[in-house]
Structure formats: C-alpha cells, structure tokens
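Written below as structure tokens is the structure these notes are about.
The values are calculated or read from the model by the stated rules, or taken from the named source; none is laboratory data. These figures come from a predicted structure and were not determined experimentally. Quick reminder, even Gly has a Cβ in these numbers, built from the backbone with ideal geometry, and neighbours come from all protein chains shown. Heavy atoms of the whole protein, side chains included, go into the accessibility calculation; ligands, DNA and RNA do not. Shrake-Rupley method; radii C 1.70, N 1.55, O 1.52, S 1.80 Å.
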Amino acid sequence: PQSSGIGGGAFLMSFDAKSGEISAFDGRETAPKAATPDMFLDENGKKRSFKDARPGGLSVGVPGLLRMLEMVHKKYGRLPWADLFKPAIKLAENGFPVSKRFNKMISRSPGLKIFDGSAGEFLTPLGAPLPVGSLYVNKPLAETFRLIAKKGANAFYTGPIARDIAATVRGSLINPGSMTAADLAGYKAIRRDPVCTFYRVWMVCGMGPPSSGGITTLQILGILQSFDLSKLKANGVKAVHLISQASRLAFADRNAYIADPDFVSVPVAGMLDPGYLELRARKISPDKTFGKAKPGNPGKSISRSAAPEDGDGGVSTSHISVIDAEGNAVSMTTTIESAFGSRLFVRGFLLNNQLTDFTFRPNRNGKPTVNRPEGGKRPRSSMSPTLVLDGTGRVVMAVGSPGGSRIIGYVVKTLIAALDWKMNIQAAIDLPHAVDRNMKTLDLEKGTAVETLKPALEKLGHKVKVRRLTSGLHGIVVTKDGLEGGADPRREGVALGD
C-alpha cells in the first residue's frame with residue numbers, strides 16, 4: 001500500500017515460449033514538458049537535498065504503469081482487460097489488515113502529516129499511524145479501478161482523473177510542480193530492445209536504458225567471466241572482493257553513459273562487448289582494491305559528465321516474477337520511488353516522486369550531466385527485471401528486486417548464487433548481501449554472516465560499512481522436477497504455484 005501502484009511506473013521483461021521472443025516494455029515516468037535542468041537547484045544555484053525536494057508536486061513524473069500494462073495486454077493478453085481488475089477492486093473495497101511493515105513505514109514517514117489527503121488516509125484522527133491489525137479500506141481506489149477497467153488506460157490519462165492528478169501536482173502546498181493534463185494525455189509506453197549477453201552457458205537478458213539495471217548487471221557478469229567463481233566459497237572474502245571490483249567498474253560506466261536513450265546516445269553495444277569487458281576485468285587484482293573506479297571507453301568518448309542520481313532510489317518498489325505451465329515468463333519491477341512517493345494522494349492512489357531519480361546538478365566539470373532533468377525525459381532507473389535462458393532457448397530463471405540502485409547488486413548476487421554456486425532459488429535469495437556501487441563504501445548486510453568479512457576486506461583496502469540491506473527479491477527457477485520459487489524474507493512476499 002505504500003509501494004508502487006498506478007501513480008508510478010514499471011519495466012517489464014517477457015518471454016513468449018511459442019515464438020522464443022524476448023520483449024522489453026518501458027513504462028517509466030516522464031518529466032513534464034515544462035521541467036528544466038535546474039529544477040532541483042535552490043535560489044543560490046546549489047542542489048537541494050533529496051528530503052527537501054521529495055514531498056509535493058515538483059518530484060512527480062507522469063505515471064507510466066497503466067499505459068505499459070495496456071500495451072503488454074494488447075500484445076499478449078488472454079483474459080478480458082476488465083476481468084484483471086476484479087481482485088484489486090474487491091481488496092480495495094473489503095480492505096485488508098494493516099501489517100507490521102505497513103505500520104512501520106507510516107511511522108517512518110512524518111511528511112504524511114503535511115498533506116491532508118495522505119494524513120486522512122494513513123493516520124488516525126489523532127495523527128497516529130494506522131494500528132497493526134486494523135482494517136485498511138480504500139473505496140476511492142476501487143472506483144478508480146472500475147473506471148479504468150471499463151474504459152481502458154485512457155480513463156486515467158484523460159478526463160477527470162488526469163485533471164485531478166495535474167491539479168494536485170500544480171496545487172501542492174509544498175514544491176508545486178508543472179504537470180498539465182496535456183502531459184498525461186501525451187504519455188506513451190515504449191517497447192524497447194532487451195539487452196542480453198552470455199554468462200557461462202546461459203544467456204541473461206535485462207532491461208535497457210532508461211534503466212541502468214540491465215546493462216550494469218550484464219557488465220558485472222561479463223567482467224566476472226574472467227574468474228571462475230564456482231571454485232570460490234560462496235560469499236567468501238575472495239568472491240565478495242571480485243564481485244565488488246566488477247561492480248565498481250560497471251557503476252563507473254553506468255554513471256557516465258546511461259540515461260534516457262531518447263535524449264542521450266548510450267553506447268550499449270560497446271558497454272557489453274566481451275572484449276571491452278575482458279579489458280575492464282584486467283584492472284582487478286585479487287590482492288587489493290583499486291579504490292574508486294573510473295569509466296572506461298566503450299567505443300565512445302565522454303561528452304557529458306558522470307554523476308550518480310541524488311535520490312534514495314526506489315525503496316518503495318515491488319517485483320513480481322511469473323513462469324507459466326507453457327514456459328512463458330514475465331519479470332516486472334514497478335515503483336513510486338520512496339515510501340508513499342511524493343506524499344500526494346489522489347483518487348485512492350499515491351503519486352510518485354520519481355523525478356528525484358534525476359541528477360540534481362545539471363552540470364559538472366563544465367559538462368551537462370547525462371541524467372539531468374529535461375522536459376519529457378525519463379529519469380535513469382536501476383530496476384533490473386531479469387530473465388535467464390539456457391542453451392535450448394527456454395527461460396530457466398526469472399528474478400528481480402526492489403531496493404533503489406542496490407537492486408543491481410541484489411540481482412547479481414542472486415544470479416551468481418543460483419548459476420555459479422548452484423543454490424536453490426530460496427537459498428540464493430536468502431544469501432547475505434555485499435553491495436558495492438563505486439561510492440565510498442562496500443556495504444555488508446547487518447545481522448548476517450557476511451559481517452564477519454569486514455576485517456579481511458579492510459585488509460584488501462576496502463572501506464566497509466555494515467548496514468541493513470532490505471531487498472525484496474522474487475525469483476523462479478525451472479528445474480528438472482518443475483518450477484521452484486523463492487521470496488525474500490526481508491520484506492513481505494510469498495512464492496505461490498498452482
């Protein structure tokens with residue numbers, strides 16, 4: 001209830017078992033046409049803090065989820081569109097008990113009190129979080145779903161719903177935005193080319209730009225092709241060190257080159273070229289860290305400046321993996337960015353704060369930043385819905401996770417655990433996290449066995465921070481005995497089969 005929803009966006013990977021077709025669908029939010037590169041700078045020209053920029057209308061991108069789902073349904077759907085909304089309508093009308101996590105997320109979001117819509121929805125009359133076990137009912141959302149079920153996605157992107165979204169964004173008491181009804185009416189989902197590369201004996205496919213998830217995941221795996229991880233202890237010092245260094249190299253390229261491909265030329269082929277990745281792998285020493293990695297030159301000179309995004313990145317994100325009896329597969333990650341998004345609540349749903357995934361500073365070192373805000377542009381994402389195929393061309397694994405820019409590390413760990421270390425999917429998901437984004441620290445998951453690696457990693461030169469790493473992985477693996485699912489114990493979620 002505080003994550004994802006129709007006020008946000010998504011990326012979806014699909015596999016058609018009959019044709020062998022792999023498809024990638026982009027439902028990422030877009031900046032309003034009136035957005036400007038300096039929209040997140042203060043009156044003194046300095047970038048604002050993420051917490052200051054998040055609440056209100058300025059951070060809201062045009063939602064893309066419904067347009068994307070409609071596009072996918074028109075191509076692959078079997079059931080009537082309206083039927084797909086019935087379970088959600090029933091749940092919204094009848095309600096469900098407030099969980100411990102839902103209650104905790106409300107407690108951690110004091111900004112909800114600022115806006116009447118969110119305060120009335122998620123707080124008691126005395127201003128306390130909805131208590132655990134109380135019934136959460138959302139009849140306005142049920143009515144919104146009925147309209148969309150009857151009239152299609154146009155009911156969301158035009159007419160009263162669109163006007164209410166635009167009015168809420170522009171009329172926000174804090175950080176009013178520039179979104180108009182025309183911005184909503186003009187939104188288009190896009191079918192993109194998937195990005196794929198071989199890893200050992202498998203082909204791994206992910207989402208291309210504007211998500212950085214696919215390319216960065218594949219770069220890490222491609223760099224690690226030079227090392228036989230199967231001979232290393234799972235989550236041992238050597239393995240964590242190698243994955244960390246490969247991640248640093250990949251994130252350096254990510255920050256330099258990946259952004260919305262409709263605004264920036266992204267050298268996808270060069271970044272995934274096996275020869276280039278082998279050269280990058282030569283920078284890795286098994287005995288010490290090289291520190292902060294610099295971007296390489298994957299067949300393109302750097303015309304823009306590298307910079308990570310400024311947001312905390314998709315902590316309120318959801319992932320679903322599906323494989324059916326015929327071998328068709330879907331891996332979809334969807335988000336409104338932060339918990340409760342922008343805190344703006346309209347017609348039963350929350351609006352995203354996805355524009356804070358842009359780099360706030362429009363210029364760096366005299367060059368425009370690759371992920372700067374621009375009108376109509378899609379902010380860079382780290383969502384990494386992933387499919388793995390075997391030598392016969394059938395899908396053998398679907399996986400993905402919430403978690404902001406750490407999503408990439410979560411997915412990479414799970415792929416390596418399943419493919420190299422031969423763990424079942426639940427054990428691969430459960431394996432403690434060690435995540436490196438080429439920033440100040442290598443992050444080790446607090447409260448797990450990986451914490452004990454800190455002294456040994458520091459001897460190799462790593463700056464290590466132990467912290468909570470709350471992934472939300474969901475994966476399926478095809479085994480000789482059938483399908484095997486796994487759900488992350490770090491969040492709410494469950495694996496189900498017929």
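Numerical summary
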| quantity | calculated |
| --- | --- |
| Kirkwood Rh in Å, taken over all unlike Cα pairs in the chain | 22.9 |
| Reach of LYS46 by Cα under 18 Å, taken over lysines that are not fewer than 8 positions away in the same chain | LYS367 |
| Of the trypsin sites (Lys or Arg not before Pro) in region 394-446, those whose Cβ has at most 11 other Cβ within 10 Å and which sit in DSSP loop | LYS422, LYS440 |
| Accessible-area composition of the chain, carbon plus sulfur, in percent [1.4 Å probe] | 55 |
| Amide H contacts of MET397 (H built 1.01 Å from N, under 5 Å, at least 5 apart or other chain) | VAL388, VAL478 |
| Between helix 237-257 and the chain: long-axis angle, C-alpha atoms, 0 to 90°, nearest 10 | 60 |
| Helix axis angle, 139-151 relative to the chain longest principal axis, alpha carbon, degrees | 80 |
| Volume in Å³ per residue [convex hull over Cα atoms, computed for region 46-199] | 200 |
| Those residues of region 419-436 whose amide nitrogen sits under 20 Å from the label point placed on ASP390, 7 Å along Cα→Cβ | 419-429 |
| Accessible-area order (highest first, 1.4 angstrom probe) of the listed residues MET13, MET423 | MET423, MET13 |
| In Hz, Karplus ³J(HN,Hα) per residue of region 485-498 (6.51, -1.76, 1.60; θ = phi - 60°; x = Gly, Pro) | x, x, 10, 6, x, 6, 9, 6, x, 8, 9, 10, x, 6 |
| Flagged links, alpha-carbon separation over 26 Å, of LYS283/LYS463; LYS51/LYS100; LYS33/LYS294; LYS47/LYS446; LYS47/LYS288 | LYS33/LYS294; LYS47/LYS446; LYS47/LYS288 |
| Förster-model FRET efficiency, 25 Å R0, ALA167 and SER134, C-beta, rounded to 0.05 | 0.25 |
| Spatially proximal aspartates and glutamates relative to LYS440 (Cα-Cα < 14 Å; intrachain offsets below 8 disregarded) | GLU458 |
| Neighbour count of at most 15 Cβ within 10 Å plus DSSP loop: longest GluC sites (Glu not before Pro)-free window in the chain | 44-325 |
| Heavy-atom accessible area order for HIS73, HIS462, largest first, 1.4 Å probe | HIS73, HIS462 |
| Contour minus Cα-Cα distance for ASP287 and PHE96 (0.36 nm per residue) | 63.5 nm |
| Heavy atoms of ILE22: accessible area, 1.4 Å probe, square angstrom to 10 | 40 |
